[in-house]
2 protein chains.
Amino acid sequence: MQSAAIIPASALDGFLAELTGLDGLAAADILPAGSACAPYESDIANCSGKAAAVILPRDTAAVSAIMRAAVRHGIRLIAQGNRSGLVGAAIADGSGTQVIISLSRMRQIRSIDLANRSVIAEAGVLLSELNRQLEPQSLHFPIDIGSDPAIGGLIGANAGGSRLLRHGDVRHNLLGIEAVLADADGTVVELLAPLRKNNTGIDLKQLFVGTGGAFGIVTAATLDLKRLDQSNQTMFLALPGHAAALDVLLAFEQTFGDLLCAFEVISAAALDITLRNFPALRHPFDASAGCYALVEIASSMPGLNPLLAQQAEDLLEQLHGREQIANAAFGPAESFWPLRDNLPPAIAKEGLPLSFDVAFPRSQLAAFRDEAAQWLQHQHPLLQLYDFGHFADGGCHLIVLLPHDQVERYGIARIVALRSAIYQLVCEHGGSFSAEHGIGPLNAPYYRKYTAPKVKQISAALQHLMDPQAVLGRYRYS
Amino acid sequence: MQSAAIIPASALDGFLAELTGLDGLAAADILPAGSACAPYESDIANCSGKAAAVILPRDTAAVSAIMRAAVRHGIRLIAQGNRSGLVGAAIADGSGTQVIISLSRMRQIRSIDLANRSVIAEAGVLLSELNRQLEPQSLHFPIDIGSDPAIGGLIGANAGGSRLLRHGDVRHNLLGIEAVLADADGTVVELLAPLRKNNTGIDLKQLFVGTGGAFGIVTAATLDLKRLDQSNQTMFLALPGHAAALDVLLAFEQTFGDLLCAFEVISAAALDITLRNFPALRHPFDASAGCYALVEIASSMPGLNPLLAQQAEDLLEQLHGREQIANAAFGPAESFWPLRDNLPPAIAKEGLPLSFDVAFPRSQLAAFRDEAAQWLQHQHPLLQLYDFGHFADGGCHLIVLLPHDQVERYGIARIVALRSAIYQLVCEHGGSFSAEHGIGPLNAPYYRKYTAPKVKQISAALQHLMDPQAVLGRYRYS
């Protein structure tokens, strides 16, 4: 698996020597192996490794120079953003021979075109920073996720998030890219034109989306911006169970059409563990229910709130009359989203979470969830299932919790078997084993298992075309 | 340019002989060269050629068999939908050696998943037919264009249309594809899963979007559906000139946010020629203006019309007070869209139209348009410029009309020089020389001229990877 083993130490020395004195790369931008690299050696998914060095270029020319040197010396480069991925794609392996190229010092917002509603931002710009700068103009980049990735990481994972229903994923909002290719010249491909319609041949930027830095290092991107919401109604619903969620979703779509912005379903156990670990949060209702839905109706058109509130009340009354919901609460968005966003940290406090980022046709989601819960109860009665997710787009975050006192008893083999069984169930229900995080070492076995041989073959050939010396990234699509 | 010349007649005979008696391909589905092929030999852009044969398969297995035979005998296949493209990509060249594979008999809607809002449709299904079948469910595939393409053609061109602002282009609404590859096995790649989140490696379906059948023959697609509009306000505005259009657009975006669905700008000359040639149409105003805008505010949420109408009236009053509009008329959508949709046929009645399907950053569009008009007036005073387009997404349809009595006087060389000069101006304004129709023989010279060498090199290598024997399509990306 690791081509690193064949790289002699002298290659690394030669590589690092070439970087000395480059424009856009000060001595302080090159961290030798050791403690200085530690912050770059693990991610929020607790994936960790050992870097041969960490390089922190400040401009695209420096990335190109690094690439030239890496190709010449046969060094494996791992592009890294803000380490918020869940599959380990941006972390060096354990060999100590892979070099991290962190884009975190490429943080310029190169230009904002307000009339065009577009921005050109470098790969290291954080989503939060971008949106902070756009807010005074009532604009934002509308990918809404719990973590705070860099733009390059967003592209590498093709993030989706909670409002995909309305805004689409990163691919839908990407107008252009600038990338450095893994060739002897470190060629810079500049495709940054802020055009919404542009069909002048193969759309090469698509190759870089969702492929975790395996096709080149994205150094900047042109992003389509949306106006910030000016009208918003957020509500929290108690449902009799997951089976009712689809009918409730369809009723909301019928009533609110494209103004339905988010429809997140949270299981009863998931809400309970969140409240237990974050005592400052309050249960919205007196009695617990089968599951819950966090619903947001929103628009960047101002002045709709009175009408939206009235329509929502009418709809909720109907749903209540049909016993499709048990209870409902209105409130500002800030009062309900923490109930959902604090779920992953809450679970992490009680043990080892096994996370599954999966997606389904909406029509299959509830059936999968119920079958997974039953299977777990029979096969692993000591483990608890927590699920929440973007019901409206078929996305589901499923977390199986190994309580602290069970981790050792389970052991790695049984955990792997459990993961494999869940993914098998996902695929039997027509689902995706990686909804929003791409492929990395943590889910690569499932790529090999569930991808059609011909698709793997074409993918490997494409990757070989773009990176013939296997300089880039953690994963080969083979 | 034509590899066809080296194909001996015996190759064609061998190819056709192999097709006889195949399942899914009756004798009546194979049209030999000659008059039977005529309906498949020209398109709405008046691009024409001569087919060696036309094959009309009825299922994917037949397409695969045709591909196997084509690869074995070295036959060039041109995939064809409903011949509504503008660049000639789906028409055989003049050599009489290329075989048209028309998808027009693959017209099954394989399945509709209402809960998932998705459909699996074969490549030959017409957009109009698909939407007719979806209408009772209040759903549609939201690509809104004047012509009536087949699903396969929509994908090959990555069509955008008048409501891209709100719904995006075909790529944004494509969940999956099934395609037959140009290899010895005629491999069928089935990627039809109706998933909105699915990042399990390289998203191969992207290769088939906007590449006009050069990467494989798309036989079916999974499409994301949207709910039909339930609220709609359409208005027609008289503006002092193109320079005011951007401010008016931004004012509409501020007032209506994401409910702004279309903002089409039409020049005064364009409206005049439409009215002159379609006497049943009426000018919405007593006096003519610098240019016009057709604006649509819409949502699939019902019940918004009173509020939208009130807000629109208030906004129009403000714009009038600021002299940004001269006049405005409300009416049902059907009363205004014909003023825009009948422009191309109106122009065709008065001479030879030279059409340019281009796009810009919105901030550049008016400047380009004015410069193009001035240039034409100086250099070609006998020719008239007509422009209309999707101002809100930067798209612009520019038509230069050669009156009937000038066509001969101009001649082909001068026409080519004129086209080149306009495209040069497009690129100087940061624009795209092909917004919505991809690359075909009609605009291939501009691909060669305006595409960066490295992009051309990668594109050619990708195409070679997917079609090493150059079996598919009219254009090689080189």
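The values are calculated or read from the model by the stated rules, or taken from the named source; none is laboratory data. What you are looking at is a predicted structure, and each value in this text was computed from that prediction instead of being measured. Here Cβ is always computed from backbone atoms with ideal geometry, including for glycine, and neighbour counts include all displayed protein chains.
Out of contact with any helix residue (DSSP H, G or I) (no Cβ under 6 Å at 6 or more places or on another chain), under 28 Å from B:Arg196 (Cα atoms) and either within 9 Å of chain A (Cβ to nearest Cβ) or free of Cβ contacts under 8 Å to residues at least 12 places away in the same chain (or both) - does that describe any residue in region B:242-252? The answer is no; no qualifying residue exists. Among the numbered conditions (1) over 25 Å from B:Leu207 (Cα atoms); (2) in a loop (DSSP other than H, G, I, E, B), the only one that B:Glu135 does not meet is (2). Determine whether A:Ser64 is crowded, with 17+ Cβ neighbours inside 10 Å, out of contact with any Leu (no Cβ under 8 Å at 6 or more places or on another chain) and either acidic (Asp, Glu) or modelled with pLDDT of 95 or more (or both). Yes: the conditions hold for A:Ser64.
Put simply, of B:Leu12, B:Leu25 the only residue that is among the hydrophobic types (A, V, I, L, M, F, W, C) and not in a helix (DSSP H, G or I) is B:Leu25. Within the option set B:Leu12, B:Leu77, being under 19 Å from B:Ala214 (Cβ atoms), touching a residue at least 60 places away in the same chain (Cβ under 8 Å), outside the structural domain of B:Leu354 (by TED's automatic domain parsing) and touching a helix residue (DSSP H, G or I) at 6+ places or on another chain (Cβ under 9 Å) holds for one residue only, B:Leu77.
Look at (1) surrounded by fewer than 17 Cβ atoms within 10 Å (Cβ to Cβ); (2) in a loop (DSSP other than H, G, I, E, B) and you find that B:Arg448 fails only one, number (2).
Each residue in region A:265-310 was checked for being part of a loop (DSSP other than H, G, I, E, B) and in contact (Cβ under 8 Å) with a residue 60 or more places away in the chain, and 7 pass.
In the set A:Phe388, A:Phe356, only one residue is outside any helix (DSSP H, G or I), within 15 Å of A:Cys291 (Cα to Cα) and in the same structural domain as A:Gly411 (by TED's automatic domain parsing); that residue is A:Phe388. Out of B:Ala309, B:Ala329, one residue alone is more than 14 Å from B:Leu294 (Cα to Cα), at pLDDT 95 or above, outside the structural domain of B:Ile439 (by TED's automatic domain parsing) and of a type in the set (Gly, Ala, Ser). It is B:Ala309.
Checked across region B:107-115, the condition of being more than 29 Å from B:Ser64 (Cβ to Cβ), small (Gly, Ala, Ser) and free of Cβ contacts under 8 Å to residues at least 12 places away in the same chain holds for at least one residue. For residues in region A:461-478 being polar (S, T, N, Q) and more than 9 Å from chain B (Cβ to nearest Cβ), which is surrounded by the fewest Cβ atoms within 10 Å (Cβ to Cβ)? Only one residue fits best here, namely A:Ser478.
Results for (1) more than 19 Å from A:Asn199 (Cβ to Cβ); (2) surrounded by fewer than 19 Cβ atoms within 10 Å (Cβ to Cβ); (3) not assigned by TED's automatic domain parsing to the domain that holds B:Gly156, shown as yes or no for each residue.
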{"residue": "B:Leu398", "(1), (2), (3)": "no, no, yes"}
{"residue": "B:Arg414", "(1), (2), (3)": "yes, yes, yes"}
{"residue": "B:Val426", "(1), (2), (3)": "no, no, yes"}
{"residue": "B:His429", "(1), (2), (3)": "no, yes, yes"}
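Residues in region A:324-352 that are assigned to a strand (DSSP E or B) and surrounded by 19 or more Cβ atoms within 10 Å (Cβ to Cβ): A:Ala328 only.
Here's the yes/no breakdown for (1) of a type in the set (A, V, I, L, M); (2) buried (at least 22 other Cβ atoms within 10 Å of the Cβ):
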residue: A:Leu130; (1), (2): yes, yes
residue: A:Gln137; (1), (2): no, no
residue: A:Asp144; (1), (2): no, no
residue: A:Asn158; (1), (2): no, yes
residue: A:Ala182; (1), (2): yes, yes
residue: A:Glu190; (1), (2): no, no
residue: A:Ala214; (1), (2): yes, yes
residue: A:Val218; (1), (2): yes, yes
residue: A:Leu223; (1), (2): yes, yes
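Can you tell me which residues in region A:425-460 are facing chain B (nearest Cβ under 10 Å) and touching a strand residue (DSSP E or B) at 6+ places or on another chain (Cβ under 7 Å)? Of everything in region A:425-460, those that are facing chain B (nearest Cβ under 10 Å) and touching a strand residue (DSSP E or B) at 6+ places or on another chain (Cβ under 7 Å) turn out to be A:Gly431, A:Ser432, A:Phe433, A:Ser434, A:Ala435, A:Glu436, A:His437, A:Lys454, A:Val455. The residues listed here are B:Ala17, B:Ala4; of these, the one that is in a helix (DSSP H, G or I) and at pLDDT below 90 is B:Ala4. Among the residues making up region B:173-199, none is more than 8 Å from chain A (Cβ to nearest Cβ) and free of Cβ contacts under 8 Å to residues at least 24 places away in the same chain.
Which residues, counting only those in region B:138-157, are under 30 Å from B:Gly257 (Cβ atoms), modelled with pLDDT of 95 or more and part of a strand (DSSP E or B)? Within region B:138-157, B:Leu139, B:His140 meet the criteria.
Of all the listed residues (A:Glu408, A:Glu371), the sole one being exposed (fewer than 15 other Cβ atoms within 10 Å of the Cβ), more than 10 Å from every other protein chain (Cβ to nearest Cβ) and either touching a Gly at 6+ places or on another chain (Cβ under 7 Å) or touching a residue at least 12 places away in the same chain (Cβ under 8 Å) (or both) is A:Glu371.
Regarding region B:158-166, can at least one residue be identified that is of a type in the set (Gly, Ala, Ser), in a helix (DSSP H, G or I) and within 12 Å of another protein chain (Cβ to nearest Cβ)?
No; the residues of region B:158-166 include none that is of a type in the set (Gly, Ala, Ser), in a helix (DSSP H, G or I) and within 12 Å of another protein chain (Cβ to nearest Cβ).
Looking only at residues of region A:69-99 that are of a type in the set (S, T, N, Q) and in a loop (DSSP other than H, G, I, E, B), we find that the one that is nearest to A:Leu127 (Cα to Cα) is A:Asn82.
Taken across region A:257-269, residues that are within 14 Å of chain B (Cβ to nearest Cβ) and of a type in the set (Gly, Ala, Ser) do occur, with at least one present.
Looking across region B:287-304, the residues that are within 11 Å of chain A (Cβ to nearest Cβ) and not aliphatic (A, V, I, L, M) come down to B:Ser299, B:Ser300, B:Pro302, B:Gly303. Residue count for region A:135-157 under the criterion of being within 11 Å of chain B (Cβ to nearest Cβ) and touching a Pro at 6+ places or on another chain (Cβ under 8 Å): the result is 1. Consider region A:449-478 and keep the residues that are of a type in the set (Ser, Thr, Tyr) and touching a residue at least 40 places away in the same chain (Cβ under 8 Å). The one that is nearest to B:Ile177 (Cα to Cα) is A:Tyr477. Scanning region B:28-66 for residues that are of a type outside the set (A, V, I, L, M) and part of a helix (DSSP H, G or I) gives B:Asp29, B:Ser35, B:Cys37, B:Pro39, B:Tyr40, B:Thr60, B:Ser64.
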